[in-house]
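The values are calculated or read from the model by the stated rules, or taken from the named source; none is laboratory data. Computed from a predicted model, the values in this text were never measured in an experiment. Every residue, glycine as well, gets a Cβ built from its backbone with ideal geometry; the counts of neighbours run over all protein chains shown.
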């Protein structure tokens with residue numbers, strides 16, 4: 001079939017909305033009509049060349065839609081199901097999957113990083129030349145063929161232009177708090193960066209009952225939204241030293257600090273504001289090959305520095321839970337959306353994201369969904 005999709009031909013080039021050929025799903029694969037797809041910093045990192053990926057490729061990974069068709073051996077979903085897409089395909093058999101870490105699957109990680117699906121080929125092409133997949137999803141397109149383990153069926157009473165945020169921002173933020181860090185009631189939390197992921201961290205900390213939740217950002221409108229969503233204090237990194245401010249608000253340091261921006265400076269700040277015995281969780285994506293320098297003196301007080309990929313999530317369990325939290329009014333998703341746009345607006349959307357002007361932008365591909 002032919003469809004419209006956002007193709008990146010090379011890093012630094014503008015997004016090209018082109019006619020793309022999409023093959024039918026093969027064994028273990030599902031065809032999804034994309035309703036909406038969030039614009040994430042991970043997509044921007046690829047555009048800017050900070051995250052190396054095989055080119056050309058169709059970007060997009062934070063999405064929701066409706067199943068159009070599935071291969072005969074697919075049991076998880078059927079045509080008509082509403083689904084959230086996940087960038088965590090898993091084999092279920094490798095060492096990491098066996099240890100309960102499907103987000104680190106050794107088998108699917110290899111072919112996903114190669115820009116293919118499981119058989120080592122792609123389902124995308126332009127004028128007969130193959131185009132790569134991004135994280136096995138490629139959702140800046142009218143349709144996507146994805147592995148069965150990338151689709152999670154959800155209840156049909158949730159608008160898909162909100163549900164798409166569960167595929168990455170909400171899943172990452174909620175998982176970072178509940179799975180990666182294991183924040184509990186009465187813990188003191190600080191969050192650097194109030195974009196979509198950072199605000200999901202704020203909300204997750206509120207949901208688990210954290211005693212103190214300090215939000216740090218440079219934009220007043222994002223700090224105001226953080227307070228509306230559950231932060232107990234807001235710190236402007238422009239007006240005051242964020243480390244000193246967080247130390248003051250948390251009484252000598254946070255038990256858990258979350259860095260959701262992906263810069264060396266903010267990781268250092270989060271580390272410095274972490275209490276003795278506490279943990280700094282780096283959720284933001286730093287450019288590959290960059291260096292990080294922190295004061296190692298913190299190790300003597302048993303502070304920990306920890307990485308996080310998609311919130312250590314288990315999508316089959318976490319996505320339906322987040323959908324239910326949204327329907328119950330506990331998880332706010334609509335409030336995170338700064339703009340709803342079309343495919344043709346993607347280049348402007350990336351410019352706004354670079355400038356830090358938006359929380360989350362959503363590409364609406366099928367308004368009827």
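The set of residues from the stretch 54-74 being surrounded by fewer than 22 Cβ atoms within 10 Å (Cβ to Cβ) and assigned to a loop (DSSP other than H, G, I, E, B) comprises 54, 55, 56, 71, 72, 73, 74.
State yes or no: is residue 183 outside the structural domain of residue 50 (by TED's automatic domain parsing) and crowded, with 21+ Cβ neighbours inside 10 Å? So residue 183 passes the test. When you check residue 252 against the structure, is it surrounded by fewer than 17 Cβ atoms within 10 Å (Cβ to Cβ), within 17 Å of the chain's Cα centre (by Cα) and either touching a residue at least 12 places away in the same chain (Cβ under 8 Å) or over 17 Å from residue 202 (Cβ atoms) (or both), yes or no? No, not satisfied. For the stretch 100-115, the count of residues that are buried (at least 16 other Cβ atoms within 10 Å of the Cβ) and at pLDDT 90 or above is at least one.
On the basis of being closer than 12 Å to residue 145 by Cα and out of contact with any helix residue (DSSP H, G or I) (no Cβ under 6 Å at 6 or more places or on another chain), does residue 24 make the cut?
Working: closer than 12 Å to residue 145 by Cα: yes; out of contact with any helix residue (DSSP H, G or I) (no Cβ under 6 Å at 6 or more places or on another chain): yes.
Yes; evaluated as a whole, the condition is true for this residue.
Applying the criterion of being surrounded by fewer than 24 Cβ atoms within 10 Å (Cβ to Cβ) and touching a strand residue (DSSP E or B) at 6+ places or on another chain (Cβ under 6 Å) to the residues of the stretch 212-229, the residue that is nearest to residue 262 (Cα to Cα) is 223.
Checking the stretch 198-205 against the condition returns no match, with no residue being part of a strand (DSSP E or B), in contact with a helix residue (DSSP H, G or I) (Cβ under 7 Å, 6 or more places away or on another chain) and at pLDDT 95 or above. State whether one or more residues within the stretch 202-209 are surrounded by 24 or more Cβ atoms within 10 Å (Cβ to Cβ), touching a strand residue (DSSP E or B) at 6+ places or on another chain (Cβ under 7 Å) and not assigned by TED's automatic domain parsing to the domain that holds residue 46. There is at least one residue in the stretch 202-209 that is surrounded by 24 or more Cβ atoms within 10 Å (Cβ to Cβ), touching a strand residue (DSSP E or B) at 6+ places or on another chain (Cβ under 7 Å) and not assigned by TED's automatic domain parsing to the domain that holds residue 46. Being at pLDDT 95 or above, farther than 24 Å from residue 285 by Cβ, assigned to a helix (DSSP H, G or I) and within 19 Å of the chain's Cα centre (by Cα) is a condition met by no residue of the stretch 345-367. Considering the stretch 116-129 alone, what residues qualify as being over 16 Å from residue 28 (Cβ atoms) and either crowded, with 17+ Cβ neighbours inside 10 Å or touching a helix residue (DSSP H, G or I) at 6+ places or on another chain (Cβ under 6 Å) (or both)? Matches in the stretch 116-129: 124, 126.
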